[in-house]
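Engineer: Have a look at the structure that comes next, please.
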Amino acid sequence: MKVKSYFLFWNTVILAMTTCFSAEPGFEIKNYGRKWPGLERAALSGTRRTMCDIRTVEFMAWDKEYTLNMLKRHNSDILLIWSDKRLLNKQNLEKIHFLKKHGIKIYLGVSKIKNAYGRLPESAEYKNFFRELPLWASLADVIGMDEWFLSPAVLKTDGGQITPITEKFITAFAKWAGFSQEDAWLAFRHHKSADFRTLKAWEFCDKVQNNFAEEFVRAAKQANPEIKTWISYVTRNWNKSATCIDRAVKNFDELLQCQTYWYGRASQDSLNSSLVTAPIGMGKIFKAEYPDKFVWMGIDPGYAGGRGDTLKENSWSKKLYNNTPEELVPYLALLYAAGNGVFIQSVGGGVWLRKKNPVIDGAYADKFADMVNLVSQVVPFVKSCRRSDIAYYYEPDADWEIIRRINRFSGTSRETNEISVGLLQQFCDVDVTRNVNKYKNVVYAGLLLPAKFNYAGQNIYLMYAPEYDEKANKIPESQLFGKLNLKGFAPLEGNFRLPGGANEDGDKDTIRISETNRVTFANGKAILNPLYPTRKVSFSDKCAVIGSRNKSGNILVNSLWPSYLHQDIAGIIIKKDLNYFKWAERDCPQVNGMDKTVAAAFREPRTAVLNFSRAAALARVKIIIFNGRDGIIRNEIVKYEQGMKIKLPPLNVLVAEIIRQDNNAKRRK
C-alpha cells in the first residue's frame, strides 16, 4: 500500500475513534515565566538546545496554543512525541501542522515490537512495522527507537520493560544455530556462561537487533530523505548488555541518554551522590565513542522533585529526590555543558500530576521550567575538550566479558566509567582513550587489570578491584603480586547500607575510612596481603585495607567502588590519591574546553580554576556566575591569567569563555 493511501486509510479510521480527554495542563503560562535579572545581556546567541517530551494523552489533551507556549516557556523548539494511531485523527494532525508552522521540530519515538520473535523478518509484526514506518517518517523531522531491549540476559533499564523470550523466538534461534530446542533454551538460561551455546545466543541477539536497527534507519530515510534518526544509548557495553545493539549505532544521527534522570542514587542527599557529576564523564565517553553524533541528556522533573520515596533498608535505590528547582541548576548546567542538548521528560509535570497521589504539583513544574529557561540560555556546549597528560583507559571490547560474566547488571554498577571520570574531573582533567601507550600517567576504574599498561614505566591509579584479565579469567595471585605487590581482593564484610534509611551515627553496617574519621556507607573490596597499605576501613570490630601502593611507588590502588562513593568522601579520598601523583589541580566539578569552561558547586562552596591554552594568555575572559535564586549575579569581561581562581558559593554555576581580540562580539548578544 502506498504511503499516501495508507495515511488516508488510518486518518479515516482513527477519526471515528477520537477520544475526548479532560486532562488539565500541568502549569500555567504567564508571560513565558520568570524574568531573570541580567539574562538578556548574558544569553547565548544561536539555536535552542532543549527538547520537551510529552505522552500522547497530553498531546491530545492540551490545545495547540498551550503546547506552543509550554515549549517557549522551556526555551525549546523541539517536541518529542510517541507513535500512536490516535495521533492520526484530523485534530491531532492539524496540531502537528500548527506546531511545525511555528518553527517546532517534531521528534517521534516509534512504539516497540514487544515480543522477541516480532523482531525477525519472517514475522507478521516485523512486516507490519516496516509497512507503517513510512507513514511515521512522513510526519516527523527526527524519528527514533527507545529502549528496544533484547539480550540473553533479558535485561531492562530503569523505566523499561523486559522483552520476553518466546517459544517461537527459541525455535528460530535453534534453527539458525543448529541446536536442539533444549540446548537453545539452555543457552538463554545461563547468560553469564562461557559455554559455546550461550555465546551463540548472544551472537543471535546481536544479529537480530543490529539488523533490525539498520533496516529501521534505511527504511525511514528511504521514505523521507530529509529525516534524521535517534536511538537511546548509554555507552557501548551498557547498550550491548541490554539491547545487543552496538554496530548499528553508527547508522543513527543522534543519541538519547536517559540514565541522567536518576542522578541521586545511593545517597541520602541526592546532591551528594556520585552521579551528580557523572554527566561530565558521560560527555567525555560519548566524544570518545562517537565524536560526531548529537547527544541528548535527559532530566525528569518528577524524579527530581518527587516526594515520598525514601531510601529503604537494605537498598541502594532512591528514585524520588525531593530537590527544589533552584537546587537543580548546577546539575542542569553540567547536562547542557557536557551534551549537545537536554531533553525534558514528562514536561509540564506530565504523568506525575496524573497520579492519585501526585509527587509534584503544578507550581513545581512552573519553577522547573524557569530553571530550564535560565540554564539553557547561559550554558554552552563544550565541544572541544581541554587536553591532559593523564589518560583514563576506556576500551569497551577489553571490558566486555567482565561486564557480561562478572558485573552486576544494576544501573549504578554499570556506570562505573562515567561516574569515575566525573569524579576525577573535579580535581584534574583526563583524556578518555584506549590509546594509553603514549601517556606517562594513566587511570582505570573497574575489575580489569589492563594488559596494555606498562606497570614498570607508567604512573598508574587503579580504582576498585583489578583482578581479571580481558577474558574474565581471574588473575593468578603470583601475577597480581608481581605487578601490584598485593595478593588479591575479597568482599568487604557487612552490607554497608543504612538501616532505617537515615542512620549515619555509627551503625555497625556503616564504615569509617581512615583519613576521614567520619562514618559513611560505601561499597568495595578488601585488599589481601598488600606489602604497602595506604588506607584502611573499620566496621563493627573489624578492619580491612582498601588502599595500597607498589614498592616502586608508581602504582596506587583504591579498592572502593567509585559508583557508590559519595561526593564528600570522594573529595577527600580521590583528591588525596591524585595529590600523591601531584595530579590534582583544583577542587571543583568542571567541564573544560579549549576556550570555555563550565563549573558547578553543589552543597559546598568550590573554587574553579581556569587553565586555557597558553595562547590565551593575551586574551580576555568573560565571566558569568548565576544561580536559581538570583539569576545572573556576575557578568563581566576581565583580563585572563593562567590558573586564575574563581570562588563559587553553593548551588552556583560559572561560565567562562575566552574572548580574543578579533572575536569579541561574535558569540554573545
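Engineer: Can you name every residue in region 226-277 that is within 19 Å of P589 (Cα to Cα) and of a type in the set (G, A, S)?
Structural biologist: G264, S267, S270, S273, S274
Engineer: On to the next question. Among the residues of region 352-375, are any among the polar types (S, T, N, Q), in contact with a Phe, Trp or Tyr (Cβ under 8 Å, 6 or more places away or on another chain), open to solvent by 10 Å² or more (accessible area, probe 1.4 Å) and more than 19 Å from E418 (Cα to Cα)?
Structural biologist: yes
Engineer: How about region 432-452: which of its residues are surrounded by fewer than 20 Cβ atoms within 10 Å (Cβ to Cβ) and either out of contact with any Phe, Trp or Tyr (no Cβ under 7 Å at 6 or more places or on another chain) or over 30 Å from A601 (Cα atoms) (or both)?
Structural biologist: Selection gives R434, N435, N437, K438, K440, A451, K452.
Engineer: Do you know which residues across region 562-575 are closer than 24 Å to N441 by Cα and either open to solvent by 10 Å² or more (accessible area, probe 1.4 Å) or under 23 Å from the mean Cα position of the chain (by Cα) (or both)? I'd like the intermediate steps shown before the answer.
Structural biologist: Looking only at region 562-575, we keep the residues that are closer than 24 Å to N441 by Cα, and these are 562-563, 565, 567, 569-575.
The answer is P562, S563, L565, Q567, I569, A570, G571, I572, I574, K575.
Engineer: Hey, among F521, F496, F489, which residue is at pLDDT 85 or above, surrounded by 18 or more Cβ atoms within 10 Å (Cβ to Cβ) and within 29 Å of S267 (Cα to Cα)?
Structural biologist: So the residue among F521, F496, F489 that is at pLDDT 85 or above, surrounded by 18 or more Cβ atoms within 10 Å (Cβ to Cβ) and within 29 Å of S267 (Cα to Cα) is F489.
Engineer: Oh, and also: Is it the case that L578 is modelled with pLDDT of 95 or more and either open to solvent by less than 50 Å² (accessible area, probe 1.4 Å) or over 22 Å from Y455 (Cα atoms) (or both)?
Structural biologist: For L578, the condition - modelled with pLDDT of 95 or more and either open to solvent by less than 50 Å² (accessible area, probe 1.4 Å) or over 22 Å from Y455 (Cα atoms) (or both) - is met.
Engineer: Continuing with this model, one more query. Return the residues of region 558-587 that are hydrophobic (A, V, I, L, M, F, W, C) and assigned to a helix (DSSP H, G or I); say none if nothing qualifies. Steps first, please.
Structural biologist: Pass one, region 558-587, residues hydrophobic (A, V, I, L, M, F, W, C): 560-561, 565, 569-570, 572-574, 578, 581, 583-584.
I569, A570, I572, I573, I574, L578, listed by residue number.
Engineer: Among K221, K287, which is in a helix (DSSP H, G or I) and over 28 Å from Y393 (Cα atoms)? Break it down into steps so the answer makes sense when it comes.
Structural biologist: Working: K287 fails: over 28 Å from Y393 (Cα atoms).
Just one listed residue meets the conditions, K221.
Engineer: Taking the condition of being assigned to a strand (DSSP E or B) and in contact (Cβ under 8 Å) with a residue 24 or more places away in the chain, how many residues in region 432-477 meet it?
Structural biologist: 14
Engineer: Then there is this: Hey, can you tell me all the residues within region 597-620 that are part of a strand (DSSP E or B), farther than 21 Å from N373 by Cα and at pLDDT 95 or above?
Structural biologist: Taking region 597-620 as the starting set, the residues that turn out to be part of a strand (DSSP E or B) are 597-600, 606-610, 620.
Filter again for farther than 21 Å from N373 by Cα, leaving 606-610, 620.
Residues satisfying the conditions are R606, T607, A608, V609, L610.
Engineer: Which of the numbered conditions does N322 fail, given that it passes all the others? Conditions: (1) at pLDDT below 95; (2) open to solvent by less than 20 Å² (accessible area, probe 1.4 Å); (3) closer than 18 Å to S270 by Cα.
Structural biologist: Answer for N322: the failing condition is (2).
Engineer: Here's something else I'd like to know. Can you name the residue in region 346-362 that is outside any helix (DSSP H, G or I) and in contact with a Leu (Cβ under 9 Å, 6 or more places away or on another chain) and is also modelled with the highest pLDDT among such residues?
Structural biologist: Filtering region 346-362 down to residues outside any helix (DSSP H, G or I) leaves 346, 354-361.
Checking the rest, the ones that are also in contact with a Leu (Cβ under 9 Å, 6 or more places away or on another chain) come to 346, 359-361.
Working: S346: 89, V359: 81, I360: 84, D361: 84.
If we take residues in region 346-362 being outside any helix (DSSP H, G or I) and in contact with a Leu (Cβ under 9 Å, 6 or more places away or on another chain), then S346 is modelled with the highest pLDDT.
Engineer: A further question follows. Counting just the residues of region 69-123 that are surrounded by 18 or more Cβ atoms within 10 Å (Cβ to Cβ) and of a type in the set (V, I, T), which one comes out modelled with the lowest pLDDT?
Structural biologist: I113
Engineer: Inspect all residues belonging to region 265-272 and state whether any of them is assigned to a loop (DSSP other than H, G, I, E, B) and among the hydrophobic types (A, V, I, L, M, F, W, C).
Structural biologist: yes
Engineer: Residue by residue through region 402-422, note down the ones that are modelled with pLDDT of 95 or more and open to solvent by 10 Å² or more (accessible area, probe 1.4 Å).
Structural biologist: N417
Engineer: Looking for something open to solvent by less than 10 Å² (accessible area, probe 1.4 Å), at pLDDT 95 or above, under 16 Å from the mean Cα position of the chain (by Cα) and under 22 Å from I419 (Cα atoms) - is there at least one such residue anywhere in region 301-319?
Structural biologist: no
Engineer: Moving on. Considering only region 517-554, state which residues are farther than 16 Å from F489 by Cα and assigned to a strand (DSSP E or B).
Structural biologist: Answer for region 517-554, where residues must be farther than 16 Å from F489 by Cα and assigned to a strand (DSSP E or B): V519, T520, S538, F539, K542.
Engineer: Restricting to region 528-559, count the residues that are without any contact (Cβ under 8 Å) to a residue 60 or more places away in the chain and open to solvent by less than 10 Å² (accessible area, probe 1.4 Å).
Structural biologist: Residues meeting the conditions: 4.
Engineer: Let me ask something else about it. A665 is checked against (1) in contact with an Asp or Glu (Cβ under 8 Å, 6 or more places away or on another chain); (2) among the small types (G, A, S); (3) modelled with pLDDT under 95 and fails just one. What number does that condition carry?
Structural biologist: Tallying (1) in contact with an Asp or Glu (Cβ under 8 Å, 6 or more places away or on another chain); (2) among the small types (G, A, S); (3) modelled with pLDDT under 95, A665 fails exactly one: (1).
Engineer: Can you name the residue in region 192-202 that is in a helix (DSSP H, G or I) and without any contact (Cβ under 8 Å) to a residue 12 or more places away in the chain and is also most open to solvent (accessible area, probe 1.4 Å) among such residues?
Structural biologist: My answer is F196.
Engineer: I'd like to know if region 548-555 contains one or more residues that are under 33 Å from the mean Cα position of the chain (by Cα) and among the basic types (K, R).
Structural biologist: Step one: filter region 548-555 for residues under 33 Å from the mean Cα position of the chain (by Cα), giving 548-549, 554-555.
Narrowing the set further to residues that are among the basic types (K, R) leaves 549.
The answer is yes, given that some residue of region 548-555 is under 33 Å from the mean Cα position of the chain (by Cα) and among the basic types (K, R).
Engineer: If you don't mind, there's one more thing I want to ask. Restricting to region 92-120, count the residues that are closer than 30 Å to K168 by Cα, in contact (Cβ under 8 Å) with a residue 24 or more places away in the chain and of a type outside the set (A, V, I, L, M).
Structural biologist: Here the count works out to 7.
Engineer: Hey, another quick one. I'd like to check something: does region 211-233 contain any residue that is within 25 Å of the chain's Cα centre (by Cα) and over 27 Å from L133 (Cα atoms)?
Structural biologist: Scanning region 211-233 turns up no residue that is within 25 Å of the chain's Cα centre (by Cα) and over 27 Å from L133 (Cα atoms).
Engineer: Collect the residues in region 374-396 that are at pLDDT 95 or above and either of a type in the set (S, T, Y) or more than 27 Å from L578 (Cα to Cα) (or both), keeping them in residue-number order.
Structural biologist: L374, V375, S376, Q377, V378, V379, P380, F381, S388, Y392, Y393, Y394
Engineer: Of everything in region 35-61, what is surrounded by 19 or more Cβ atoms within 10 Å (Cβ to Cβ) and either β-branched (V, I, T) or free of Cβ contacts under 8 Å to residues at least 40 places away in the same chain (or both)? Give them in sequence order.
Structural biologist: T50, I54, F59
Yes or no, residue by residue, for (1) buried (at least 16 other Cβ atoms within 10 Å of the Cβ); (2) free of Cβ contacts under 8 Å to residues at least 60 places away in the same chain; (3) not basic (K, R):
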{"residue": "P152", "(1), (2), (3)": "yes, yes, yes"}
{"residue": "K168", "(1), (2), (3)": "no, yes, no"}
{"residue": "A172", "(1), (2), (3)": "yes, yes, yes"}
{"residue": "S180", "(1), (2), (3)": "no, yes, yes"}
{"residue": "W185", "(1), (2), (3)": "yes, yes, yes"}
{"residue": "H190", "(1), (2), (3)": "no, yes, yes"}
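Engineer: Being crowded, with 19+ Cβ neighbours inside 10 Å, touching a helix residue (DSSP H, G or I) at 6+ places or on another chain (Cβ under 9 Å), more than 26 Å from N417 (Cβ to Cβ) and of a type in the set (D, E, K, R) is true for just one of K240, K221, K228. Which residue is that?
Structural biologist: K228
The values are calculated or read from the model by the stated rules, or taken from the named source; none is laboratory data. Everything numeric here is computed off the predicted structure, so don't read it as measured data. Cβ atoms come from the backbone with ideal geometry, glycine included; neighbour counts cover every protein chain shown. Side chains included, ligands, DNA and RNA excluded: accessible areas come from the protein's heavy atoms. Shrake-Rupley method; radii C 1.70, N 1.55, O 1.52, S 1.80 Å.
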